[in-house]
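The values are calculated or read from the model by the stated rules, or taken from the named source; none is laboratory data. Quick caveat: nothing in here was measured; it's all calculated off a predicted structure. Methodologically, a virtual Cβ is constructed for each residue, glycine included, from the backbone with ideal geometry; neighbour enumeration extends over all protein chains shown. Just so you know, the surface numbers come from the protein's heavy atoms only, side chains and all, with ligands and any DNA or RNA stripped out. Shrake-Rupley method; radii C 1.70, N 1.55, O 1.52, S 1.80 Å.
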Amino acid sequence: MVNRVLVLCLMWLMSMNASALQIQGELIQGNWVQLVVSPDAMIEFEGKTLKADQQGRALIAFSRDAKPQKTLRIIEPTGQKREYILQIAQRDYIVQRIDGLPSRHVTPDEATLAKIRADGQKAVEARKIELATPYFLDGFIWPAEGWVTGIYGSQRILNGHPRRPHMGVDIAAPTGTPIYAPAAGEVTLAEDMELSGKTLFVDHGYGLRSDFMHLDEMLVAQGDRVEKGQLIAKMGATGRATGPHLHWGMSWFNVRLDPALMFNLDRTLARGAKIENNQVVWED
Ligand SMILES: [Zn+2]
């Protein structure tokens, strides 16, 4: 009897220990992970303070250039604080240097610049939203079929001037190709923008969202709730785009993430791969 009580106590202690912090997902640059901690524990990460939900769930994420070590603090409802050092796997990104380009100075006029700034501010505000519904729990599907023409993190350096890295996955197909919600969520932005054209944000909760750019048509409006797999838009080339494609970005608050990391691919997504039947098909 004593032994049995002891074993039960040990098991309880071990399970308490195990539930102190669980991380679901890979600790790698550009990814988000789900934490499971004590219900209502507070989480401090990257200058943000988050509250775990009633099941102890919260999300955190790592930027494209996240350092190899990140500090995570958990404050239990009892006030007890614990600190963890997370080891973040580092990635290589494609960096393309193109020199000897004729210098072209295209300066947008004042009205266009004002529109670009106003668009940017709307996106900044939408990225501050923290919806309390965990829409992300059901997992994600690819939002469209087509050829992968751009990947997360790649960067061009033109005449020595680094451009902003590409913060999403580009999928190219003819104008009008259907675009489906990759997971359930709420539409927190639906705007015709100067650079990104017709743009939708679908918020998946807890700071995590998808953005869809260069749309030909938006079939949902701000405030709408969407189901996973619901037709939300049609592919196009609005804004600054050289041809019809979907730019699918993801972010955790203002941290830009790599949507491809959610699909457990056996190799890094690359240009020339094809998305078909919710699968990545390699053409080589
Ligand atoms: Zn893109």
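By DSSP, what percent of the beta bridges with both residues in the chain are antiparallel, rounded to the nearest 5? Of those bridges, close to 95 percent are antiparallel. When the Cα positions of Pro162, Ala270, Gly100 are compared along the charge dipole of region 95-281, Gly100 comes out farthest toward the positive end, with charges on each C-beta of Lys, Arg, Asp and Glu. Within the assembled protein chains, the solvent-accessible surface assigned to Trp282 is about 60 Å², based on a 1.4 Å probe. For the options Thr238, Thr78, Thr268, a Gaussian network treatment of the chain with springs between C-alpha atoms closer than 10 Å singles out Thr78 as fluctuating the most. For a paramagnetic label modelled on Ser103 (point 7 Å from Cα along Cα→Cβ), amide N atoms under 15 Å away belong, within region 134-169, to 158-162. Divide the volume of the convex hull around the Cα atoms of the chain by the residue count and you get 170 Å³ per residue.
Quick one: ranking His161, His214 by accessible area, 1.4 Å probe, largest first, what do you get?
Details: His161 120, His214 20 Å².
So, going from the largest accessible area down, we get His161, His214.
Comparing Cα centroids, region 177-245 and region 63-126 end up 20 angstrom apart. Here the gap between Phe263 and Thr71, fully extended at 0.36 nm per residue and compared with their Cα-Cα distance, gives a gain of 66.5 nm.
Please work out the FRET efficiency for the pair Leu158 and Thr78, using the Cβ-Cβ distance as r and a Förster radius of 51 Å; give the result to the nearest 0.05.
Working: r = 55 Å, r/R0 = 1.07.
FRET efficiency, Leu158 to Thr78: 0.40.
Given the convex hull over the Cα atoms of region 222-268, what projected area results after averaging over all orientations, in nm²? Before the final figure, lay out each step's value.
On the way: hull surface 21.7 nm².
Projected area, direction-averaged: 5.4 nm².
Computed from point charges on the beta carbon alone (+1 for Lys and Arg, -1 for Asp and Glu), the dipole magnitude for the chain about its Cα centre is near 760 Debye. Among the protein heavy atoms of the chain, carbon and sulfur supply 53% of the accessible surface, probe 1.4 Å, non-protein parts ignored.
Compute the Rg/Rh shape ratio of region 24-142: radius of gyration over Kirkwood radius, all on alpha-carbon atoms. Working shown, then result.
Values: Rg = 19.8 Å, Rh = 17.8 Å.
Reported Rg/Rh (Cα atoms, Kirkwood Rh): 1.11.
Axis of helix 2-18 versus longest Cα principal axis of the chain: the two differ by about 20°, to the nearest ten degrees.
May I ask you to derive the relative contact order of the chain, considering only C-alpha pairs under 8 Å and at least 6 residues apart, and to give it as an integer percent? Before the final figure, lay out each step's value.
On the way: 674 pairs, mean separation 46.8, N = 284.
Relative contact order of the chain: 16 percent.
Just so you know, the Cα atoms of region 8-87 work out to an Rg and Dmax of 13.1, 45 Å. Around the amide H of Gly150, modelled in the peptide plane, lie the amide H atoms of Asp170, all under 5 Å away and 5 or more residues distant in sequence or on another chain.
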